[in-house]
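Peer 1: Can you read through this structure? Questions will come right after.
The values are calculated or read from the model by the stated rules, or taken from the named source; none is laboratory data. Remember, predicted model here, so these are calculated numbers, not experimental data. A quick note on method: Cβ atoms are made from the backbone with ideal geometry, for glycine too, and the neighbour counts reach across all protein chains shown. Ligands, DNA and RNA are excluded from the accessible area calculation, which covers all protein heavy atoms including side chains. Shrake-Rupley method; radii C 1.70, N 1.55, O 1.52, S 1.80 Å.
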Amino acid sequence: MDRRCSQQWESSMEDVSTPLLPLHDDGRTDGRSCSALASLLANKYLAIAAGPLASALICAFVDFGHGRAAARNMLGVLAWVFIWWLTDAVPLGVASMAPLFLFPAFGISSSDAVAKAYMDDVISLVLGSFILALAIEHYNIHRRLALNITSLFCGDPVRPPLLLLGICGTTMFISMWIHNTPCTVMMMPVATGILQRFPRGQAASSSADAHEVRRFSKAVVLGVMYASTIGGMSTLTGTGANIILVGMWSTYFPEQRPITFSSWMSFGFPVALVLFAALWVTLCLMYCSSNTGRALSAYLDRTHLRRELSLLGPMAFAEKMVLAVFGGLIVLWMTRSLTNDIPGWGVLFHGKVGDGTVTIMMTTLLFIIPNGKGGGEKLMDWGKCRKLQWNIILLLGAGFAIAEGFKASGLTDILSEGLGFLRGAPPLVIAPVACVFSAVITEFTSDDAATTLVLPLLAELGNTIGVHPLLLMVPGTVGAQLSYLLPTASPPNVVGFGTGYITIKDMVLTGIPIKVVGVATLAVLLPTLGSVVFGMDQKL
């Protein structure tokens with residue numbers, strides 16, 4: 001009985017602690033208000049609402065004159081999409097699909113017209129290269145290549161500048177053929193796997209050798225991160241910014257000579273080589289000293305690298321076949337269109353075959369060729385493609401759709417009129433300015449989004465001031481890829497920053513010299529080499 005009474009007493013006390021009616025002035029209302037505001041911010045509802053709100057304000061208060069409602073609506077849609085991109089209000093892929101319903105709803109273009117922008121030859125090129133990158137990752141081909149080249153450059157004793165050259169050179173080479181984001185994702189574990197042999201934490205903070213090791217660790221992470229971006233600049237498949245340039249060039253100037261894989265590489269590869277040399281020299285000067293090699297020798301040697309390589313075993317049939325498909329695709333890319341005197345194999349099909357055509361054709365072989373393990377299993381199946389980066393593919397499609405929207409709505413004509421004050425300015429001055437303008441914007445958003453934003457403006461600016469549009473569009477594209485200062489500037493920067501080896505200060509101090517070299521290189525090579533490669537000496 002006593003125990004039962006005790007339980008009843010405790011129960012009654014719990015009941016008393018809970019008020020039967022709401023109490024006044026207890027501060028809970030403010031708490032609920034703060035909680036509601038925190039919930040709005042945490043769930044990004046304010047950022048989500050900012051897009052439609054900005055669009056509504058533009059449509060309500062902006063007036064471009066009689067008959068230009070479509071241009072006003074296009075500006076509103078552009079504000080909506082870019083606010084969602086910049087604030088990450090919804091996933092990138094979802095925001096990139098917004099033009100599919102916004103363009104028809106605002107009367108800019110039909111649903112069929114906007115949908116076609118999301119799947120053309122350029123998108124096929126990116127889709128196929130992503131699948132090929134997944135095959136390379138699945139069979140550890142990238143790791144085998146990295147370990148071979150790194151062990152070759154390691155030296156005995158360890159020579160840090162040569163080791164950096166090997167790691168960064170491998171990353172740049174891989175990034176030339178696959179998108180720089182998956183390249184960084186593949187190469188960063190290889191780099192950090194080497195760095196894991198080095199001491200970290202407070203236990204090693206007092207040693208002078210440990211300080212040298214930490215500095216070199218920063219150099220490795222920065223090198224992989226930036227070499228991936230620089231390598232992607234070399235080819236059309238290396239980054240989405242180059243793909244956006246090709247798509248917008250064909251959209252705005254369909255009658256002009258297209259930018260092909262070989263023509264872009266003829267210009268992009270020399271630019272990338274100069275930037276790579278600047279990267280290597282900067283890393284060696286800032287992070288390597290005469291004592292770095294001695295400090296690394298205690299933790300790293302060729303034996304470790306060769307041991308890791310031996311664990312991979314001999315190259316299997318599947319790896320050889322993936323490399324064969326990869327090599328064949330590169331040959332087809334490079335020989336489709338050569339010169340005016342030697343047109344390439346594309347002439348056999350009367351110009352109806354593009355780089356995306358052969359990319360999908362060769363990628364299809366991965367789903368046909370057996371992997372040699374028996375059981376009818378092929379090199380690739382759709383289950384292995386679950387990691388396809390659809391967000392980047394949709395972002396590219398949105399960029400092409402926006403370019404079409406600029407043209408269809410008449411917004412390009414209005415922008416052209418507004419930029420008329422630049423007529424008569426020296427083109428060789430405007431090109432570096434365009435590069436710097438794009439290079440600043442890209443630090444606060446992705447290089448693909450920055451390219452999508454600036455290229456329509458630069459295309460119309462070229463027409464306005466009477467210069468070849470590529471004299472401005474190419475600097476805008478290259479400048480968008482000079483994203484070296486902030487983690488938010490590009491996905492490779494996010495991957496590198498996430499390792500914990502580097503800080504934003506490290507990125508700024510290392511990135512500024514490379515950025516300056518990039519602008520200077522473009523100012524020299526564009527009017528010389530670029531004029532020959534792209535035919536900029538010819539009038540449109």
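Peer 1: Toward the positive end of the charge dipole of the range 269-353, about the Cα centre and with charges on Cβ (Lys, Arg +1; Asp, Glu -1), which of VAL347, MET334, LEU285 goes farthest?
Peer 2: Comparing the listed Cα positions along the dipole, LEU285 ranks first.
Peer 1: Please compute the Kirkwood hydrodynamic radius of the range 263-320 from all pairs of different C-alpha atoms, in Å with one decimal. Please report the intermediate quantities before stating the final value.
Peer 2: Working: mean 1/r = 0.0651 Å⁻¹.
Every distinct Cα pair counted, the radius reaches 15.4 Å.
Peer 1: Then there's this: Determine which residues of the range 134-166 fall in the zone a paramagnetic label at PHE173 would reach in this model, i.e. backbone nitrogen under 11 Å from the point 7 Å along Cα→Cβ.
Peer 2: 145-153, 166, by backbone N distance to the label point.
Peer 1: Suppose all protein chains stay in the model; what accessible area per residue would a 1.4 Å probe give for the range 251-349, in Å²?
Peer 2: That works out to 51 Å² per residue.
Peer 1: Mind checking which lysines have their Cα closer than 19 Å to the Cα of LYS378? Skip sequence neighbours fewer than 8 apart in that chain.
Peer 2: LYS320, LYS387
Peer 1: Extension gain PHE317-PHE61, at 0.36 nm per residue separation less the Cα-Cα distance, in nm?
Peer 2: Values: separation 256, 0.36 × 256 = 92.16 nm, distance 6.48 nm.
Answer, rounded to one decimal: 85.7 nm.
Peer 1: Separate question: Among ARG143, ARG294, what's the order by accessible area (1.4 angstrom probe), most exposed first?
Peer 2: Details: ARG143 70, ARG294 140 Å².
So, going from the largest accessible area down, we get ARG294, ARG143.
Peer 1: Quick check: residue separation of ALA113 and ARG144 times 0.36 nm, minus the Cα distance between them. What number comes out in nm? Each step should come with its number before you reach the end.
Peer 2: Values: separation 31, 0.36 × 31 = 11.16 nm, distance 4.48 nm.
This chain segment gains 6.7 nm when fully extended.
Peer 1: So, one more: Say R0 is 30 Å: what FRET efficiency, to the nearest 0.05, do SER207 and LEU309 get from their beta-carbon distance?
Peer 2: Details: r = 30 Å, r/R0 = 1.00.
My answer for the efficiency is 0.50.
Peer 1: Still on this structure, please answer the following. Amide H of LYS378: which non-local residues (sequence gap of 5 or more, or other chain) have their own amide H closer than 5 Å, using H built in the peptide plane?
Peer 2: Sorted by chain and number, the residues that satisfy this are ASN371.
Peer 1: Further, regarding this structure: Where the eigenvalues come from the Cα gyration tensor of the range 45-96, what are the semi-axes √(5λ) of the equivalent ellipsoid, largest first, in whole Å?
Peer 2: Details: eigenvalues 109, 24, 7 Å².
Gyration-tensor ellipsoid for the range 45-96: 23, 11, 6 Å.
Peer 1: For the range 240-393, take the convex hull of the Cα atoms, compute a quarter of its surface area, and give me that in nm², please. Please report the intermediate quantities before stating the final value.
Peer 2: Working: hull surface 59.7 nm².
Value for the range 240-393: 14.9 nm².
Peer 1: Describe numerically, in nm with one decimal, the distance between label points set 7 Å from Cα along Cα→Cβ at TRP345 and at ILE368.
Peer 2: The modelled label-to-label distance comes out at 1.4 nm.
Peer 1: On the accessible surface of the range 231-306, probed at 1.4 Å, how many percent belong to carbon and sulfur atoms? Each step should come with its number before you reach the end.
Peer 2: On the way: 1560 of 2540 Å².
Result for the range 231-306: 61 percent of the exposed heavy-atom area is carbon or sulfur.
Peer 1: While we're on this one: Just to check I understand the Karplus step: with θ = phi - 60° and J = 6.51 cos²θ - 1.76 cosθ + 1.60, what whole-Hz values come out for the range 220-234, glycine and proline as x?
Peer 2: Those phi angles translate into 5, 5, 4, x, 5, 5, 7, 5, 5, 5, 5, x, x, 5, 6 Hz.
Peer 1: State which entries of LYS44/LYS384; LYS218/LYS384; LYS116/LYS407; LYS116/LYS352; LYS218/LYS515 exceed 22 angstrom in Cα-Cα distance in the structure shown.
Peer 2: Numbers: LYS44/LYS384 33 Å; LYS218/LYS384 33 Å; LYS116/LYS407 15 Å; LYS116/LYS352 17 Å; LYS218/LYS515 18 Å.
Listed pairs above 22 Å: LYS44/LYS384; LYS218/LYS384.
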